[in-house]
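Here the structure is laid out as structure tokens; the discussion comes afterwards.
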Amino acid sequence: MKIAIPKEIREGETRVAVVPGMINLLKQNDHEILLEQGAGEAATFQDEAYRNAGATIITDPVELLGAAEVVLKVQPPQINPELNKHEIDLIPEGTTLISFLAPLDNRALLLKLAERRITSFALEFIPRITRAQSMDALSSMATIAGYKAVLIAADHLKKIFPLLMTAAGTIPPANVFVLGAGVAGLQAIATAKRLGARVEAFDPRPAVKEQVESLGAQFVEMELPEDAETASGYAKLLPEEFIKKEQAAIANCLPRIDVAITTAQVFGQRAPLLITEEMVALMRPGSVIIDLAAEQGGNCALTQANQIVEKNGVQVFGMVNLPAALPTHASQMYSKNITNLFRHLFPTAERQFDFNDEITKSACLTHQGEIVNQIVKEAFARGDKSNE
Ligand code: NAD
């Protein structure tokens, strides 16, 4: 099969779906790898390295996508502003697309994929089972985001992070508060600890307390709701009454906090509102909030996606696509995940999907002209978020 890797065209996207080190694995079973010229450049991977690994470089994206039998991407396909054509319209019918597809926000895209009879697999829908961990691109990207969030906070805080005992006096460590201690939150805790901060954290999933403490951070005790976690390891949407109690507990902490890193998300829902505007006013001037849930509506009421909002001297960063700020390692991790998924979907040279397999079934969105994914079908039937 011809596997095409286009250059990402989403504004600000610097990652590439496949790095040169993965070409050899993808080529197995006599597949041919076609790469758009310069696709890896922003992530520091040059065409020469891909060529040396056995890929063919193609200059024209129309020619590249027109030849594809499988397309590997990072961002959901969109209109190419230079060509004034949708990427989907450049891909032949029957092609397989593997990418992040933000399925619940992209109804129009999914209908288009179905109409073009493209078989699509979304990396967001890889099930959270042990066997699929090597394909879990959401966790890979969350790791990068959690790390970078702390560096941005450290860069903008008007204080230093570690305890310093100097001849000019003792400087106490910065106080960092991490809200939501999943993959991104735990990485943020570990990074802030490495920089010498005093770290506190909270997450409503019961297993998290031990993980937070094992990183040397303090778990902020609250009365946890029963049954806060789904069978697949995600937090459930918590009742408004609990969120109010949580806000009150967070408000108690905020006056001593220098940096709040918020990562709280609930699968398929708006991010919970954990820091209201009044609560921001409790923080000292010069403090920083890094909101990693900005794209899902934000954990802080002041968050604006892709912007820095300042109120009473507190800066609120609405972070969007942080992995693109570290494209070399983000691409390396993503590339490993997408290559593992490709090899799982196509274990031999045969082009036959095994829809009895949980990973294949869960990740597949469209096939043979239909939206086939149950979660997506139910969300669309309920009229949940869509861009129509
Ligand atoms: P996520 O990005 O969907 O959410 C981030 C965090 O926000 C979660 O820890 C969640 O509990 C938390 N959150 C939700 N509501 C909150 C609230 N009101 N207040 C504070 N925090 C709130 O989740 P994620 O980081 O991608 O994954 C969560 C967990 O899933 C991981 O920590 C891990 O235990 C599990 N997981 C399992 C696998 C696997 O088994 N293959 C893979 C990845 C993750």
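Annotations
- The chain - charge dipole about Cα centre, Lys and Arg +1 at Cβ, Asp and Glu -1, debye rounded to 20: 680 debye
- Whole-angstrom gap from the stretch 158-190 to the stretch 95-142, using each part's C-alpha centre: 36 Å
- Efficiency of FRET between ARG382 and GLU278 - r from beta-carbon atoms, R0 35 angstrom, step 0.05: 0.60
- With R₀ set to 25 Å, the beta-carbon distance separating LYS361 from GLN28 gives a calculated FRET efficiency near 0.55.
- Extending 7 Å from Cα along the Cβ direction at GLN218 and again at GLN352 yields two label points whose distance is 6.1 nm.
- Reduced Cα scattering model of the stretch 87-168, Debye log10 I(q)/I(0), q = 0.15, 0.23, 0.27 Å⁻¹: -0.73, -1.07, -1.22
- Only Lys, Arg, Asp and Glu carry charge here, each on its Cβ (+1 for the first two, -1 for the last two); on that basis the stretch 144-325 has a dipole of about 640 debye about its Cα centre.
- Whole-percent carbon and sulfur share, accessible surface of the chain, 1.4 Å: 49 percent
- Alpha carbon convex hull of the stretch 1-138, volume per residue in cubic angstrom: 115 Å³
- Across the stretch 50-55, rounded Karplus estimates of 3J(HN,Hα) from the backbone phi angles (6.51 cos²θ - 1.76 cosθ + 1.60, θ = phi - 60°) give 5, 4, 4, 7, x, 8 Hz, Gly and Pro being marked x.
- Principal-axis tilt of helix 240-253 within the chain, Cα atoms, nearest 10 degrees: 60 degrees
- Evaluated at q = 0.16, 0.19 Å⁻¹: base-10 log I(q)/I(0), Debye formula over Cα of the stretch 110-237: -0.88, -1.08
- Ordered by 1.4 Å accessible area with all protein chains kept, LEU113, LEU282, LEU186 run largest first as LEU282, LEU186, LEU113.
- Relative to the longest principal axis of the Cα atoms of the chain, helix 183-194 runs at roughly 50 degrees.
- Extension gain (nm, one decimal) between THR44 and GLN304, 0.36 nm per residue minus Cα-Cα: 90.6 nm
- Taking all protein chains together and rolling a 1.4 Å probe, VAL62 ends up with roughly 60 Å² accessible.
- Against the chain, whose longest principal axis is taken from its Cα atoms, helix 327-345 shows a tilt of about 50°.
- Between the beta carbons of ALA207 and GLU93, assuming R0 = 51 Å, the FRET efficiency works out to 0.70 to the nearest 0.05.
- Extension gain (nm, one decimal) between MET165 and ALA231, 0.36 nm per residue minus Cα-Cα: 19.0 nm
- Label-to-label distance for ALA108 and ARG256 is 5.0 nm, based on points extended 7 Å past Cα in the beta-carbon direction.
- Counted residue by residue at 0.36 nm each, then reduced by the alpha carbon distance between them, the extension gain from ILE79 to PHE267 reaches 65.0 nm.
- Across the stretch 121-137, coupling constants 3J(HN,Hα) worked out from phi with the 6.51/-1.76/1.60 Karplus curve, θ = phi - 60°, read 10, 9, 5, 5, 9, 5, x, 8, 10, 3, 4, 9, 4, 6, 10, 7, 5 Hz, and Gly and Pro carry x.
- Rotationally averaged projected area of the chain (alpha carbon convex hull; nm²): 20.5 nm²
- When each of LYS244/LYS361; LYS7/LYS193; LYS73/LYS311; LYS112/LYS236; LYS7/LYS336 is checked by Cα-Cα distance, pairs over 29 Å: LYS244/LYS361; LYS7/LYS193; LYS73/LYS311; LYS112/LYS236
- Accessible area (Å², 1.4 Å probe, nearest 10) - ARG198: 130 Å²
- Ligands, DNA and RNA aside, GLU48 has an accessible area near 100 Å² when probed at 1.4 Å.
- Ranking PRO162, VAL316, ILE250 by how far each Cα lies toward the positive end of the dipole of the stretch 144-325 (charges on Cβ) leaves PRO162 at the top.
- Per residue, the accessible area of the stretch 137-208 comes to 40 Å² when a 1.4 Å probe rolls over the protein heavy atoms.
The values are calculated or read from the model by the stated rules, or taken from the named source; none is laboratory data. This one's a predicted model, so the numbers in the text were calculated from it and none came from an experiment. In this analysis, Cβ positions are derived from the backbone assuming ideal geometry, glycine residues included, and neighbour counts consider all displayed protein chains. The accessibility values were calculated without ligands, DNA or RNA, using every heavy atom of the protein model including side chains. Shrake-Rupley method; radii C 1.70, N 1.55, O 1.52, S 1.80 Å.
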